[in-house]
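Since every read-out is calculated from the coordinates, none of them should be taken as a lab result. The structure presented is a predicted model; accordingly, all values stated were derived computationally and were not measured. As a convention, Cβ positions derive from the backbone with ideal geometry for all residues, glycine included, and neighbour counts pool all protein chains shown.
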Amino acid sequence: MNNFLVFQSDFGLADGAVSAMEGVSFGVSKDLNVRHLTHEIGRYNIFDASYRLFQTIKYWPEGTVFVSVVDPGVGSNRLSIVAKTVTGQYVVTPDNGTLTHVAEFVGLEEVRQIDETINRLKDSNASYTFHGRDVYAYTGARLASNTITYEQVGPVIDKDSIKRLRLFKTIFEDESVTGQIDILDVRYGSLWTSITIDEFKKLNIDYGELANIHIQCGEKESCDLNIVYGRSFADVSIGSPILYMNSVNHMAVAINQGSFAEAHKIGVGNPWTITIKRLTK
C-alpha cells in the first residue's frame with residue numbers, strides 16, 4: 001500500500017462524522033495521507049456513490065485505499081467488503097451496489113469480506129449505526145498503512161456474488177442510440193449519459209455535424225433539439241447547446257457557460273432517457 005486513504009460519503013461536512021473517521025484513521029497511523037473524493041453524495045444515493053468512484057479511482061496510484069460509505073442499510077445483514085480492482089486500488093464499502101460501475105468499467109480482481117472480529121474499532125461492538133467509523137475507516141486505515149495485508153481483511157468471497165445496481169442497457173434502433181441520463185456534472189448542469197463513445201460512434205456522426213437529441217421522463221417528452229456534436233464547449237457560441245464526449249468517455253450534453261439541466265428542467269436516473277439520432281445527410 002502507498003499510505004493514501006481516500007474517503008467518500010453522503011455525510012456532508014455540517015457535523016463531526018467525517019472528522020471522526022479521520023480521527024480513527026490517524027489513530028491507526030499518523031503517517032497516513034488522508035484525502036477526500038466527496039462527502040456531497042445525495043443522501044442514500046448508492047448509484048451516485050458508485051459513479052463517482054468510477055469517475056475517480058483509476059487516476060489514483062496502485063495501492064490507494066478508498067473508503068466509500070453511502071450505507072442506508074447500516075446495521076442490517078448486508079456484508080462489509082474490500083474489493084481489489086484490476087488496476088490495483090482497493091475499495092472498502094458495504095456490499096450494497098457501490099461497486100457497480102467500478103466492476104463494470106474498471107474490473108475487480110478479488111473481493112474479501114471484512115472479518116469484524118479483527119478489523120473493527122476497539123469497544124465499538126455495541127454500536128450499529130456508524131460502521132463508516134467503526135469498520136470502514138478503521139479497516140481502510142489498517143490496510144492503507146500496511147498494518148494488515150489485504151489477505152488479513154477476511155475471507156475471499158465470489159466477486160460475481162456482490163450486489164450490483166441495474167445499469168441501463170443501450171438500445172440501438174433506426175440510426176439512433178438510447179441511454180439513460182446517469183448523473184450531472186453537478187456544478188455546471190451538464191447531462192452525463194450511459195451511452196459510451198464506442199456506442200455513439202456507430203451512428204457515424206462527425207465533429208461539427210448536427211445530431212438530434214430527444215429527452216424524456218417516462219412517457220413525457222422534456223426536450224427535442226438538433227445540436228452540434230463537438231470536441232469541447234468552445235465549439236459553439238456562449239449559450240448554445242453541445243453534444244460531446246465527457247471525461248469518462250461517455251456522451252454528454254451541455255450549454256456553453258450555462259446549465260442544460262436547469263434550462264430544460266432535466267433530472268437523472270430512471271426514468272430519464274436520452275435518444276441521440278443521426279440526421280439524414
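Laid out as a table, the results:
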{"item": "Test item: Cα-centred dipole of the chain, Lys/Arg +1 and Asp/Glu -1 on Cβ, debye", "result": "200"}
{"item": "Length released on extending from VAL86 to THR280, taking residue separation times 0.36 nm less the Cα-Cα span", "result": "65.6 nm"}
{"item": "Integer Hz, Karplus 6.51/-1.76/1.60 couplings in order for the range 187-197, x for Gly and Pro", "result": "5, 10, x, 7, 8, 9, 9, 7, 7, 7, 4"}
{"item": "Selected from THR147, PHE200, GLY63, residue furthest toward positive end of dipole (the chain; charges at beta carbon)", "result": "THR147"}
{"item": "Folded to 0 to 90 degrees: helix 17-28 orientation relative to the chain principal axis, Cα", "result": "50"}
{"item": "Inter-label distance, nm, simple model (7 Å from Cα along the C-beta direction), THR147/GLN257", "result": "5.1"}
{"item": "Difference of contour (0.36 nm per residue) and Cα-Cα distance, ALA20 to ILE238", "result": "74.1 nm"}
{"item": "For the chain: lysine pairs under 15 Å (alpha-carbon distance), excluding those fewer than 8 apart on one chain", "result": "5"}
{"item": "Part-to-part distance (alpha-carbon centres) for the range 156-209 and the range 229-269, which is given in Å", "result": "15"}
{"item": "FRET efficiency estimate (nearest 0.05) - Cβ-Cβ, TYR188 to SER29, R0 41 angstrom", "result": "0.65"}
{"item": "Separation in nanometres of the label points that stand 7 Å from Cα toward Cβ, at ASN2 and SER161", "result": "3.2"}
{"item": "Cα gyration tensor shape for the range 184-281, rounded if a/c is under 1.5, else prolate or oblate", "result": "rounded"}
{"item": "For SER9, net neighbour charge (Lys/Arg +1, Asp/Glu -1) across residues whose Cβ lies under 15 Å away", "result": "-3"}
{"item": "Packing-based ranking, highest mean first, of 135-145, 36-46, 176-186 given that Cβ atoms within 10 Å are counted", "result": "135-145, 176-186, 36-46"}
{"item": "³J(HN,Hα), Karplus 6.51/-1.76/1.60, whole Hz, each residue of the range 67-76, x for Gly, Pro", "result": "10, 10, 10, 10, 9, x, x, 3, x, 8"}
{"item": "Cβ-based net charge around ASP48, under 13 Å, with every Lys or Arg adding one and every Asp or Glu removing one", "result": "-2"}
{"item": "Relative packing of peptides 85-97, 203-215 - highest average C-beta neighbours within 10 Å first", "result": "85-97, 203-215"}
{"item": "The chain: angle of helix 46-56 to the longest principal axis, Cα-based, in degrees nearest 10", "result": "90"}
